[in-house]
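Please read the structure below before turning to the comments.
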Amino acid sequence: MNKKIAVIKGDGIGPEVVTEAMKVLDKVAEKFGHTFEYDQLLMGGCSIDANGVPLTDETIERAKAADAVLMGSIGGNTSTSPWYKLPADKRPEAGLLKLRKSLNLFANLRPAVLYKELKGACPLKEEIADRGFDMMIMRELTGGLYFGARETKEVDGVVTAVDTLTYSETEIRRIAVRAFDIAMKRRKKVTSVDKANVLDSSRLWRKVVEEVAKDYPEVTLEHMLVDNCAMQLVKDPAQFDVVLTENMFGDILSDEASMITGSIGMLASASLNDTKFGLYEPSGGSAPDIAGQNKANPIATILSAAMLLRYSFDMDKEADAVEMSVAKVLSSGYRTGDIFTEGMKLLSCSEMGDVIAEGI
Ligand code: NAD
């Protein structure tokens with residue numbers, strides 16, 4: 001297959017980790033007979049330096065013209081970088097928000113996987129960590145409380161703030177379809193998380209998810225209240241496969257799920273629209289404290305590239321090969337500094353990219 005990937009290396013460790021992910025993609029192309037063509041684009045601080053704005057219209061158009069976008073992180077040290085003296089809408093993060101919106105990315109996927117080799121980093125009790133976990137948190141990204149009407153006003157002399165939580169059937173259906181499609185590629189279970197005992201929007205959520213489930217008889221659907229889900233994530237995370245939820249619940253639960261893996265340099269993510277197109281990036285930031293030192297962990301970005309292969313290109317075998325190589329490298333004892341423990345072999349960012357590419 002011939003595919004075009006827009007590449008946004010970004011700022012800080014972004015260029016280092018994305019270079020390693022491209023090394024791995026090139027190895028996949030060679031092994032499996034594909035051609036990946038890269039269109040390198042600027043966004044974030046580097047675009048401010050080159051163009052005066054964090055995101056240009058040309059970058060948006062070129063990203064749209066690609067089959068998928070692979071991204072590093074953007075931004076700098078928020079206390080010292082001159083980018084943070086600019087008005088909020090001219091700062092690096094404004095570029096990212098505008099890009100996500102322009103690409104209509106409504107489904108955010110954050111896998112939380114505990115590799116048995118890294119279970120020492122898991123803050124949960126040993127008997128829970130021993131069972132491991134591998135879940136996909138799927139968060140609706142463009143609706144709900146964060147996008148509803150809001151205002152602060154005085155009511156009878158008392159200052160009162162109002163935020164509105166709105167979901168339409170269409171918004172719920174399109175993400176539910178995505179969640180069931182993804183469950184079909186995994187262990188075929190969806191846990192839909194809501195607060196249907198209190199909220200109308202959650203009751204509609206539950207009804208629409210149940211309708212969608214009828215088209216996926218192989219997938220087991222369960223409903224869970226969000227407060228219970230927050231507890232279950234720390235009590236028995238192994239029970240989850242795909243966790244489907246609305247914007248604010250997903251914001252909180254995806255951070256909780258990340259936290260129990262214990263290692264930010266390992267966390268991939270994807271944001272999808274209603275076509276095969278998606279934007280793939282590590283969950284962490286640009287880590288200005290270690291930028292330019294060849295120390296960063298490239299695995300989150302490499303696993304994001306594996307998600308790109310699986311979800312945008314339907315290259316499941318190729319994605320499996322990348323994920324298996326990562327697992328093999330970890331079980332061989334190779335570590336970057338952030339996940340290093342005594343007795344392991346310490347690698348630089350580029351050396352980690354080399355051993356993962358070699359393993360494909
Ligand atoms: P951060 O995630 O960049 O760093 C937090 C800590 O984790 C640091 O000690 C860093 O060294 C470490 N870390 C992160 N990724 C790592 C990796 N791959 N390998 C090894 N160590 C890693 O968070 P921060 O310091 O709060 O933010 C720095 C900048 O990143 C800010 O400008 C912030 O706005 C931006 N940011 C961007 C994104 C994005 O592009 N999507 C996301 C979060 C933060």
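The values are calculated or read from the model by the stated rules, or taken from the named source; none is laboratory data. Just so it is clear, the model here is predicted, and its values are computed rather than measured. Cβ: placed from backbone, ideal geometry, glycine included. Neighbour counts: every protein chain shown. Keep in mind that these areas ignore ligands, DNA and RNA; they rest on the heavy atoms of the full protein, side chains included. Shrake-Rupley method; radii C 1.70, N 1.55, O 1.52, S 1.80 Å.
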Do you know which of the residues in segment 286-303 that are near the ligand (Cβ under 6 Å from one of its atoms) and either β-branched (Val, Ile, Thr) or closer than 18 Å to GLY76 by Cβ (or both) is nearest to the chain's Cα centre (by Cα)?
SER286
Suppose we keep only residues that are surrounded by 12 or more Cβ atoms within 10 Å (Cβ to Cβ) and farther than 23 Å from LYS101 by Cα within segment 126-172. Which one would you say is nearest to the chain's Cα centre (by Cα)?
MET135
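Kindly indicate whether GLY75 is touching an Asp or Glu at 6+ places or on another chain (Cβ under 7 Å), open to solvent by less than 50 Å² (accessible area, probe 1.4 Å) and at positive phi.
Criteria met by GLY75.
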Touching a Leu at 6+ places or on another chain (Cβ under 9 Å) and either within 14 Å of the ligand (Cβ to nearest atom) or on the phi > 0 side of the Ramachandran plot (or both): does that describe SER350?
no
Subset of segment 114-127 (residues that are touching a helix residue (DSSP H, G or I) at 6+ places or on another chain (Cβ under 8 Å) and either in a loop (DSSP other than H, G, I, E, B) or at pLDDT 95 or above (or both)):
TYR115, CYS122, PRO123, LEU124
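Does ALA257 satisfy being within 15 Å of the ligand (Cβ to nearest atom) and open to solvent by less than 40 Å² (accessible area, probe 1.4 Å)?
Taking the combined requirement at face value, the residue does not satisfy it.
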Please go through segment 323-339 and pick out each residue that is out of contact with any strand residue (DSSP E or B) (no Cβ under 6 Å at 6 or more places or on another chain), small (Gly, Ala, Ser) and not in a helix (DSSP H, G or I).
SER332
Filter result for ARG100 (basic (Lys, Arg) and within 12 Å of the ligand (Cβ to nearest atom))
yes
Filtering segment 270-285 down to residues that are open to solvent by 10 Å² or more (accessible area, probe 1.4 Å) and within 12 Å of the ligand (Cβ to nearest atom) yields GLU281, PRO282, SER283, GLY284, GLY285
List pairs: first residue in segment 346-357 and open to solvent by 10 Å² or more (accessible area, probe 1.4 Å), second residue at pLDDT below 95 anywhere in the structure, Cβ distance under 6 angstrom, at least six positions apart or on different chains.
LEU346/PHE340
Hey, ALA306 hits all of (1) open to solvent by 10 Å² or more (accessible area, probe 1.4 Å); (2) under 19 Å from the mean Cα position of the chain (by Cα) but one; which does it fall short on?
(1)
Take the residues of segment 319-345 that are within 16 Å of the ligand (Cβ to nearest atom), open to solvent by 60 Å² or more (accessible area, probe 1.4 Å) and not hydrophobic (A, V, I, L, M, F, W, C): which is nearest to the chain's Cα centre (by Cα)?
ASP338
Hey, LEU70 closer than 23 Å to ILE302 by Cβ, free of Cβ contacts under 8 Å to residues at least 40 places away in the same chain and crowded, with 19+ Cβ neighbours inside 10 Å or not
no
Look at TYR311 and say whether it is in contact with a Lys or Arg (Cβ under 6 Å, 6 or more places away or on another chain) and of a type in the set (Ser, Thr, Tyr).
no
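For every residue, the table says whether it meets (1) within 13 Å of the ligand (Cβ to nearest atom); (2) in a loop (DSSP other than H, G, I, E, B); (3) under 19 Å from the mean Cα position of the chain (by Cα).
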| position | (1), (2), (3) |
| --- | --- |
| ILE5 | no, no, yes |
| GLY10 | yes, yes, yes |
| VAL24 | no, no, yes |
| VAL28 | no, no, no |
| LYS31 | no, no, no |
| TYR38 | no, no, no |
| MET43 | yes, yes, yes |
| SER47 | yes, no, no |
| PRO54 | yes, yes, no |
Any residue in segment 207-214 that is open to solvent by 20 Å² or more (accessible area, probe 1.4 Å), in the same structural domain as GLU171 (by TED's automatic domain parsing) and within 16 Å of the ligand (Cβ to nearest atom)?
no
Does ASP320 satisfy being in a helix (DSSP H, G or I) and farther than 27 Å from LYS125 by Cβ?
yes
So, in segment 78-109, exactly how many residues are buried (at least 17 other Cβ atoms within 10 Å of the Cβ), over 20 Å from the mean Cα position of the chain (by Cα) and part of a helix (DSSP H, G or I)?
1
